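Below: the structure, in structure tokens.
The values are calculated or read from the model by the stated rules, or taken from the named source; none is laboratory data. Note that the structure is predicted; figures quoted are calculated from it, not measured. Calculation scope for accessible area: heavy atoms of the full protein, side chains included, ligands and nucleic acids excluded. Shrake-Rupley method; radii C 1.70, N 1.55, O 1.52, S 1.80 Å.
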Amino acid sequence: MTMVELKNVSRVYLGQSGPVYGLSAFDLRIAEGEFVCIVGPSGCGKTTLLNIVAGFEPPDLGEVLIDGEKITGPGTNRFVMFQEHALFPWLNVSQNIMFGLKMAGIHKREREERAAALLRTVNLSDFSTAWIHELSGGMKQRVALARALIMDPEILLMDEPFAALDSQTRDTLHEEVELVWQRTKKTILFVTHNVREAVRLGTRVILMTAKGGKILREYPIDLPRNRYLEDVEVVKIASQIRDDLRHEVLRATKEEGYHAD
């Protein structure tokens, strides 16, 4: 069953030298329960894609369907997890996690029960009353993940959530996100610059063109779970994607040089 569908989606921005295509006639289908990772050079349209699916910005052409329904803005069936955790420093860990439920008018007891369960899921039960400034970077991202999951969205949109973390913390969060995905069967769209991270996590990796906001190539990842960044097959597939990415960047650079002349 298709959960997310982008049909002929284009997003155009006005640059100093003319129009810049964030996305151009972009078509993509994501099945329910897929873990799709988007990679590509800086400025290729990855975050634009995420923002359009989230409903934060509209396409100039085309449409986005969620479970067969056209979206016209943000909705409770989608939740975005950013690189910056965006937690409220005046609230403690539990209060941050429960904030969305409180705004939705959910009874306090239910809020607390759901928050306690998610704190166990992300291994933060001992920090329920801690303040945000008392947490490490990885712990803050765990809180952000729990805050996303407590709203029970159908789709989790993740914009480079682990880019600023050290490798050890990132590896731990990879395992936790993978476990959450396996348990909940959420549909996940994950943007990253880290090709090996994409192969380690995804059921499919999509490589975007350097310019023009299009899909260059798709890579189904049929490796067994649980995977690790150092696995031979993960490294092998990631190397192929990096080679394709390198050739695409060189092609775009040469094309720019040609037009400049």
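Given the structure, is residue 172 hydroxyl-bearing (Ser, Thr, Tyr) and open to solvent by 10 Å² or more (accessible area, probe 1.4 Å)? So residue 172 fits the description; yes.
Residues of region 56-113 that are open to solvent by 80 Å² or more (accessible area, probe 1.4 Å), more than 21 Å from the chain's Cα centre (by Cα) and among the basic types (Lys, Arg): 102, 108, 109. Among the residues of region 207-218, are any open to solvent by 20 Å² or more (accessible area, probe 1.4 Å), within 17 Å of the chain's Cα centre (by Cα) and over 19 Å from residue 52 (Cα atoms)? Yes, that holds for at least one residue.
Kindly indicate the residue of region 1-33 that is among the charged types (D, E, K, R) and under 17 Å from the mean Cα position of the chain (by Cα) and also most open to solvent (accessible area, probe 1.4 Å) among those meeting that condition.
From region 1-33, those among the charged types (D, E, K, R) are 5, 7, 11, 27, 29, 32; that's our starting set.
If we keep only those that are under 17 Å from the mean Cα position of the chain (by Cα) too, we end up with 5, 29, 32.
Values: 5: 34, 29: 150, 32: 104 Å².
It comes out as 29.
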